[in-house]
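Written below as structure tokens is the structure these notes are about.
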Amino acid sequence: MVNNLENKIFLFLGINKFTIVAINSANEFVYKEETLTNNQNNQIELALLDNFLNENIFKIEKKLKEFVKNIFLIIDHQNIFPIRLSIKNKFNNIIINSNSIEKLILEAKSCCNKTLEDLDILHMKIDKFYIDGTYFETLPEKKNCNNLSIEFSYICIPKRVSKTIEDVLRKYQISLDKILSLDYLNSFLDDKNDNLYLMAQKILEGFNQNEVYITNKYSKKLGFFERFFNFFN
């Protein structure tokens, strides 16, 4: 077997259902299995998750002829919640660029470091731009500005929740690559984009231009802003 990064494995964890899928580089589903958990205590049952992985990981590896090393997790959990804040700054009729936005993002994150201390940020997104009193959904190009205000949302989950799931995956030598919120993904589904896992793939590729991508917490080589806004790329 080999290690191949072209296939992506998505694991959905809900209160009443677990699903695991493998998607190849052509966005084709090459493996899918799910089980109903009949859960009564409104919590993800780790023993059931362990059994589910035990039944499916080897099958996926046999199907793909490669080891499963990383998993993208989609989670539906009662303890996922948003933290909303806004921050503003005054400029002297400058053209807004990445530097001005980065400074505000850093300032916003610094203001709530204590609040975020025991939380994992699943998604960080910009909800609104206010430029000289005018509302913009996305950052306009070459816009002169005297007053800039940005409204943010952090979608978070307690670290204790993500750690328990990571501990189960570690038994199978699998790393948790990224956690995605089910509610967040559902907010982008429509008649043209109606598949949860393909939408998750698009989100990972930068589908939401107002989402801020934070460097993987295990990386020591990349700076915070080396994978910042996809609308600056």
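Looking only at segment 30-54, how many residues end up being open to solvent by 80 Å² or more (accessible area, probe 1.4 Å) and of a type in the set (A, V, I, L, M, F, W, C)?
Going through segment 30-54 one residue at a time, the tally reaches 1.
Mind checking which residues of segment 142-170 are small (Gly, Ala, Ser) and more than 14 Å from the chain's Cα centre (by Cα)?
Ser149
Given the conditions (1) within 23 Å of Met124 (Cβ to Cβ); (2) assigned to a loop (DSSP other than H, G, I, E, B), and given that Glu166 satisfies all but one, which numbered condition is not satisfied?
(2)
Asp50 is checked against (1) assigned to a helix (DSSP H, G or I); (2) closer than 12 Å to Tyr172 by Cβ; (3) in contact with a strand residue (DSSP E or B) (Cβ under 8 Å, 6 or more places away or on another chain); (4) not aromatic (Phe, Trp, Tyr) and fails just one. What number does that condition carry?
Unmet for Asp50, out of (1) assigned to a helix (DSSP H, G or I); (2) closer than 12 Å to Tyr172 by Cβ; (3) in contact with a strand residue (DSSP E or B) (Cβ under 8 Å, 6 or more places away or on another chain); (4) not aromatic (Phe, Trp, Tyr): (3).
Does Ile71 satisfy the condition of being open to solvent by less than 70 Å² (accessible area, probe 1.4 Å) and under 20 Å from the mean Cα position of the chain (by Cα)?
Taking the combined requirement at face value, the residue satisfies it.
Consider segment 165-209. How many of its residues are surrounded by 15 or more Cβ atoms within 10 Å (Cβ to Cβ) and among the polar types (S, T, N, Q)?
Of the residues in that region, 4 qualify.
Take the residues of segment 88-130 that are assigned to a strand (DSSP E or B), at pLDDT below 85 and open to solvent by less than 70 Å² (accessible area, probe 1.4 Å): which is farthest from Asn41 (Cα to Cα)?
Per the stated criteria, the residue is Ile94.
What pairs come up if the first residue lies in segment 178-204 and is under 16 Å from Cys156 (Cα atoms), the second is part of a helix (DSSP H, G or I) and of a type in the set (S, T, N, Q), and their beta carbons are under 7 Å apart, counting only those six or more places apart or on different chains?
Close Cβ pairs satisfying both conditions: Ile179/Ser162.
Is it the case that Ile20 is part of a strand (DSSP E or B), within 20 Å of Leu185 (Cβ to Cβ) and either open to solvent by less than 40 Å² (accessible area, probe 1.4 Å) or touching a residue at least 24 places away in the same chain (Cβ under 8 Å) (or both)?
Taking the combined requirement at face value, the residue satisfies it.
Do we find that Asp167 is more than 17 Å from Ile74 (Cβ to Cβ) and at pLDDT 95 or above in this structure?
yes
Report every pair of residues separated by at least 6 positions or lying on different chains whose Cβ atoms are under 6 Å apart, first residue within segment 60-85 and closer than 29 Å to Asn41 by Cβ and in a strand (DSSP E or B), second among the acidic types (Asp, Glu) and open to solvent by 30 Å² or more (accessible area, probe 1.4 Å).
Phe72/Asp177
Could you list all residues from segment 132-160 that are touching a residue at least 60 places away in the same chain (Cβ under 8 Å) and buried (at least 16 other Cβ atoms within 10 Å of the Cβ)?
Leu139, Leu148, Ser149, Ile150, Glu151, Phe152, Ser153, Tyr154, Ile155, Cys156, Ile157
The values are calculated or read from the model by the stated rules, or taken from the named source; none is laboratory data. Every value quoted in this text rests on a predicted model; they were computed, and no experiment measured them. A quick note on method: Cβ atoms are made from the backbone with ideal geometry, for glycine too, and the neighbour counts reach across all protein chains shown. Note: accessible area is taken over every heavy atom of the protein model, side chains too, but ligands, DNA and RNA are not part of it. Shrake-Rupley method; radii C 1.70, N 1.55, O 1.52, S 1.80 Å.
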